[in-house]
Amino acid sequence: MRKPRSGVVRFPAAAAIAALGTALMLAGCDGTPKMDVKASCEFLNNDSFKPDGNQQQQSKQLAEHYHQLSEKLAPEIADPIKEMAAIMDKAASSSLGAATQEQQQQLTVQFNKIGEFCK
């Protein structure tokens, strides 16, 4: 006679891996680990990025740098940096290639938001 099963479901290895992958996708894991707030602040404090070239090139480089940072940092800090990237994208696409006084004020607002977390 056959012994009754204990009720434990055993997944084949491939099924377990697929289930894990599905769970990660549903959880919103995009494969890019994010730093926590403390690590994000430390990273920013040590960031030594310096754009070069003319004003338009510098604005483009800053926008790209901000886009890259926002992918790595804690959401509390990444959100203001995304705003900064958008501002610099607009500045870079302008005829002057530089942030206007209003855009500089917008950047200051975003810097201050980051400062609330990185004291």
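Residues in the stretch 34-57 that are without any contact (Cβ under 8 Å) to a residue 12 or more places away in the chain and assigned to a helix (DSSP H, G or I): K38, E42.
Residue-by-condition table, conditions (1) charged (D, E, K, R); (2) open to solvent by 40 Å² or more (accessible area, probe 1.4 Å):
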site: D52; (1), (2): yes, yes
site: S59; (1), (2): no, no
site: H67; (1), (2): no, yes
site: A74; (1), (2): no, no
site: I77; (1), (2): no, no
site: M84; (1), (2): no, no
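Which residues, counting only those in the stretch 36-45, are over 27 Å from G97 (Cα atoms) and surrounded by fewer than 17 Cβ atoms within 10 Å (Cβ to Cβ)? Hits for the stretch 36-45 are D36, V37, K38, A39, E42, F43.
Within the stretch 95-119, if we keep just the residues that are loosely packed, with under 15 Cβ neighbours inside 10 Å and polar (S, T, N, Q), the residue that is farthest from Q61 (Cα to Cα) turns out to be N112. Inspect the stretch 103-110 for any residue being in a helix (DSSP H, G or I) and either at pLDDT below 95 or of a type in the set (A, V, I, L, M) (or both) and give the result as yes or no. Yes, because at least one residue in the stretch 103-110 is in a helix (DSSP H, G or I) and either at pLDDT below 95 or of a type in the set (A, V, I, L, M) (or both).
Of all the numbered requirements in (1) assigned to a helix (DSSP H, G or I); (2) modelled with pLDDT under 95, H65 misses one, and that requirement is (2). Only a single criterion out of (1) assigned to a loop (DSSP other than H, G, I, E, B); (2) without any contact (Cβ under 8 Å) to a residue 24 or more places away in the chain is not satisfied by A86, namely (1).
The values are calculated or read from the model by the stated rules, or taken from the named source; none is laboratory data. Keep in mind the model is a prediction, meaning the values are calculated, not measured. Quick reminder, even Gly has a Cβ in these numbers, built from the backbone with ideal geometry, and neighbours come from all protein chains shown. Heavy atoms of the whole protein, side chains included, go into the accessibility calculation; ligands, DNA and RNA do not. Shrake-Rupley method; radii C 1.70, N 1.55, O 1.52, S 1.80 Å.
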